[in-house]
Amino acid sequence: MKNQTCFEGDCVRVYMSRFLVFGAYVAITVAALSLFGCAREKTKKIVGFSQTENIGPWRVAETNSIKSEAAKRKETYDFLMTDAQGQTSKQFSDIEDLIARQVDAIFLAPREYQGLTPALEAARAAKIPVFLIDREAAGKPGEHFVSFLGSDFRAQGRRVGSWLAKATGGKASIVELTGTAGSSVAIDRAKGFRDAISSYPNMKIIATQTADFSRAAAQRVMENIIQAKGSDITAVYAHNDEMALGAIQALKSAGMKPGVDVMVGSIDGQKAALLAIMKGELGVSVESNPRFGPLVFATMEKYFAGEKIPPKIILKDRLFDISNAKDFVHEAY
């Protein structure tokens, strides 16, 4: 400014003030542009998926199915996924994080039946619909969650029990390897199996122990049971294929022939299990379909369209044994 007169310190203060005002203006402008950008991004719905863990072929196949379906719909939805790493406490925190990130829907594969109620309550308070997949959780459909999508776990257990009853002539000393303690799938598969063998007085469960759906854990558990029960064991019922395959390895290491000395039955229908059936080591595997992606996205879209969603959507599962395993092994995961 041509006629401006000021002392050196005053000029510094003036210019500093102008700089601060200009800086504030820039900050406000950037913030406004950022908010505008966020508003534009929010034209897409955000879907959150809380996975219990990503270990084992079944769980990985489920994750891949949902991620693949999300990728097909990337123009419509942003997709967020969390991994609870087998910890209920972490899954609780994961759900809270998805709520804080203002997702429009949550797909939840609960690790346990109990323990997630407060998180489901928080989702309901935030008006975020929750869709349970592959495992159930405590709560009321239509309130704490929209619907449960999955298999009839009790029917799965009954089908293995009925198959074993026929294969053993109704006489067996059975080792049961159970899934994650407290999970709806482990509870129901145990109940269903007992329903099936209850009318066969010579079919008795002589040992029950969890191996947490893990092949390695099942091998260790089965080795210990073999040491305790030895040749008394004539059948094994495993709540999933991974545990059945671990039990088979333990039996072979102990010099026992799976499929000859000990009949083995399980649930899931994975490729390794069907190959074991074809080798004569595994007797039966009842399918538990992990490919939820198309179904859960379609169900969510029906919900957003205002359609009434049933409280349970049950998948139809097949039974694989030596009569048909070779016909389906090419499509197994």
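The values are calculated or read from the model by the stated rules, or taken from the named source; none is laboratory data. Computed from a prediction, not measured in an experiment: that's the story for all the values here. Please note: Cβ atoms are built from the backbone with ideal geometry, for glycine as well, and neighbour counts cover all protein chains shown. Quick note on the areas: whole protein, heavy atoms, side chains included, nothing else; ligands and nucleic acids left out. Shrake-Rupley method; radii C 1.70, N 1.55, O 1.52, S 1.80 Å.
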Please work out if I174 is more than 26 Å from the chain's Cα centre (by Cα) and under 14 Å from M263 (Cβ atoms). yes
Could you please give the count of residues in the range 126-153 that are charged (D, E, K, R) and surrounded by fewer than 19 Cβ atoms within 10 Å (Cβ to Cβ)? 4
Just to be sure before I move on: is G150 of a type outside the set (S, T, N, Q) and in contact (Cβ under 8 Å) with a residue 24 or more places away in the chain in the structure I sent? yes
Take the range 183-202 and flag every residue that is closer than 26 Å to G169 by Cβ, open to solvent by 10 Å² or more (accessible area, probe 1.4 Å) and of a type in the set (A, V, I, L, M, F, W, C). A190, A196, I197
Could you check, for the range 86-93, whether at least one of its residues is modelled with pLDDT of 95 or more, at positive phi and over 11 Å from the mean Cα position of the chain (by Cα)? no
Residue match in the range 213-224 (condition: touching a Leu at 6+ places or on another chain (Cβ under 6 Å), open to solvent by less than 40 Å² (accessible area, probe 1.4 Å) and within 26 Å of D317 (Cβ to Cβ)): yes
Would you please name the residue that is farthest from the chain's Cα centre (by Cα), looking only at residues in the range 44-56 that are surrounded by 21 or more Cβ atoms within 10 Å (Cβ to Cβ) and in a strand (DSSP E or B)? V47
Scan the range 272-279 and give yes if some residue there is open to solvent by 30 Å² or more (accessible area, probe 1.4 Å), over 23 Å from G182 (Cβ atoms) and either basic (K, R) or at pLDDT below 95 (or both), otherwise no. yes
Scan the strands (runs of 3 or more DSSP E) fully inside the range 241-332 and keep the ones with 3 or more residues being under 20 Å from D212 (Cβ atoms) and not β-branched (V, I, T). 263-268
